[in-house]
Amino acid sequence: MYSGEDGLNKFLIIKTSSLGDIIHTYPVVSYLKQKFPSSTIDWIAEKPCIQLVSAHPEVSQAIEVNTKKWRKSPLSKQTRQEFANFKSQLSTYDLIIDLQGNLKSGFLGFQAKGEIRLGFARRSVPEWPNLLFTNVRFNPTPRRNIRQDYLSIVLQFFQDKEDYFPPSIKLQSSFDPTPYLSKKKNLLVCPSANWENKKLSHKTLLLFLKQQTETQILLIHGSEQEKKQVDSLARELPNARVVPKLIFPDLQKLMDSVDEILAMDSFPLHLAGTTSTPTLSIFGPSSAEKYRPLGSQHRSIQGLCPYGITFEKRCPKLRTCKTGACIKDVIL
């Protein structure tokens, strides 16, 4: 535990993926900058997530890794050069914070110099070999939101009470959302999710959106498959508009400008949670209490499993259940 009186100057965060988990770690950055305003914070993240890290206004250096590519040809000249470039960006840190908790993150963090290496304790570490790379460890406080789990590790280290509430974060963007906004109420809808059993049925979602007659509905998408879904909705909704695919900071700015956001348990919901815009989120095979954004402006609906399965974080059949019965016909 940290009990010194002097401020710390340099931190390294290791949270390499995924997109949602990167956002869930944002409160740690806010806390560190509030406690040590003159400090610098570096962050190691995988290439697909680096945009979210580099656009954060309080992150000093986003350090990119591409471990999926490196594993395919670990001894190639290009891999060795990229790994050497990665190491050259690292410094000596007052505190190295591993919030990924696996073997990979432990190895990456070990390339940096620093005496204090903070991470998860045995009961909560995702992969036990990570314990070989940390020397100060804590378990998150039980039954808290996922954002509080990551924050809890750092708060315990500094012996601070776990009542810190993170502010909204504005990513660095010059995007102007005005052309997309109506003078009427603007509802941003994020209908997609990585897992089919995290999505509402087309019929249920369409029925709800058809009731929003005094509202402009903005439909967003990521992949081409998701674009087909929003295009299908738009054809049946005269007050709907499909928003072109936006980079993450621009999407956040649009989210910050609308009146409300409807989303599944997916990356757009977690990005929306970094703004002050109210959200309504739909959860089925994952826990709303665990994953919905923090704050009273964020409402959620939890679907019920017809097979009686209970869970604290995610349904054990999330990856195998084909029915999606817990969410398909949720009543909005």
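For the stretch 74-90, state whether one or more residues are touching a strand residue (DSSP E or B) at 6+ places or on another chain (Cβ under 7 Å), at pLDDT 95 or above and of a type outside the set (A, V, I, L, M). Yes: one or more hits.
Would you confirm, using the coordinates I've provided, whether GLU46 is in contact (Cβ under 8 Å) with a residue 12 or more places away in the chain, touching a Lys or Arg at 6+ places or on another chain (Cβ under 7 Å), of a type outside the set (Val, Ile, Thr) and within 27 Å of PHE175 (Cα to Cα)? Answer is no for this residue.
Considered as a group, the residues in the stretch 125-170 that are of a type in the set (Phe, Trp, Tyr) and in a loop (DSSP other than H, G, I, E, B) include one that is modelled with the highest pLDDT, and that residue is PHE158. Has the stretch 167-180 got any residue that is farther than 22 Å from SER300 by Cα, surrounded by 15 or more Cβ atoms within 10 Å (Cβ to Cβ) and hydroxyl-bearing (Ser, Thr, Tyr)? Yes. If you check PRO293 against the conditions, is it touching a helix residue (DSSP H, G or I) at 6+ places or on another chain (Cβ under 8 Å), more than 18 Å from LEU218 (Cβ to Cβ) and not acidic (Asp, Glu)? For PRO293, the condition - touching a helix residue (DSSP H, G or I) at 6+ places or on another chain (Cβ under 8 Å), more than 18 Å from LEU218 (Cβ to Cβ) and not acidic (Asp, Glu) - is met.
Residue check: GLY308 meets all listed conditions (1) without any contact (Cβ under 8 Å) to a residue 12 or more places away in the chain; (2) assigned by TED's automatic domain parsing to the domain that holds LEU200 but one, namely (2). Among the residues of the stretch 51-98, the ones that are among the hydrophobic types (A, V, I, L, M, F, W, C), in a helix (DSSP H, G or I) and touching a Phe, Trp or Tyr at 6+ places or on another chain (Cβ under 9 Å) come to 4 in all. Residues of the stretch 93-136 that are basic (Lys, Arg) and either in contact (Cβ under 8 Å) with a residue 40 or more places away in the chain or in contact with a Lys or Arg (Cβ under 6 Å, 6 or more places away or on another chain) (or both): LYS104 alone. Screening the candidates ILE23, ILE96, ILE50 for the property of being under 30 Å from LYS253 (Cα atoms) and crowded, with 20+ Cβ neighbours inside 10 Å yields one hit, ILE23. Assess whether GLN34 counts as being more than 21 Å from ASP250 (Cβ to Cβ), assigned by TED's automatic domain parsing to the domain that holds ARG122 and not β-branched (Val, Ile, Thr). Judged against the criteria, GLN34 is a match.
Just one residue in the set ALA112, ALA84 is over 13 Å from ILE13 (Cα atoms) and among the small types (Gly, Ala, Ser); that residue is ALA84. Restricting the stretch 179-202 to residues that are free of Cβ contacts under 8 Å to residues at least 60 places away in the same chain and outside any loop (DSSP other than H, G, I, E, B), the residue that is nearest to the chain's Cα centre (by Cα) is HIS202. Within the stretch 20-49, the residues that satisfy the criterion of being in contact with a Phe, Trp or Tyr (Cβ under 9 Å, 6 or more places away or on another chain), over 22 Å from ARG292 (Cα atoms) and part of a helix (DSSP H, G or I) are LEU32, GLN34, LYS35. Counting only strands (runs of 3 or more DSSP E) wholly contained in the stretch 236-332, the ones carrying 3 or more residues that are crowded, with 18+ Cβ neighbours inside 10 Å, among the aliphatic types (A, V, I, L, M) and out of contact with any Asp or Glu (no Cβ under 6 Å at 6 or more places or on another chain) occupy 260-264. Residues that are assigned to a helix (DSSP H, G or I) and of a type outside the set (Gly, Ala, Ser) are absent from the stretch 212-223 altogether.
Residues that are at pLDDT below 95 and more than 15 Å from SER266 (Cβ to Cβ) within the stretch 215-226 comprise just one, GLU224.
Has the stretch 92-99 got at least one residue that is charged (D, E, K, R), under 22 Å from LEU19 (Cβ atoms) and under 23 Å from the mean Cα position of the chain (by Cα)? For the stretch 92-99, residues charged (D, E, K, R), under 22 Å from LEU19 (Cβ atoms) and under 23 Å from the mean Cα position of the chain (by Cα): present.
The values are calculated or read from the model by the stated rules, or taken from the named source; none is laboratory data. For clarity, every value in this text was computed on a predicted model and none was experimentally measured. Quick reminder, even Gly has a Cβ in these numbers, built from the backbone with ideal geometry, and neighbours come from all protein chains shown.
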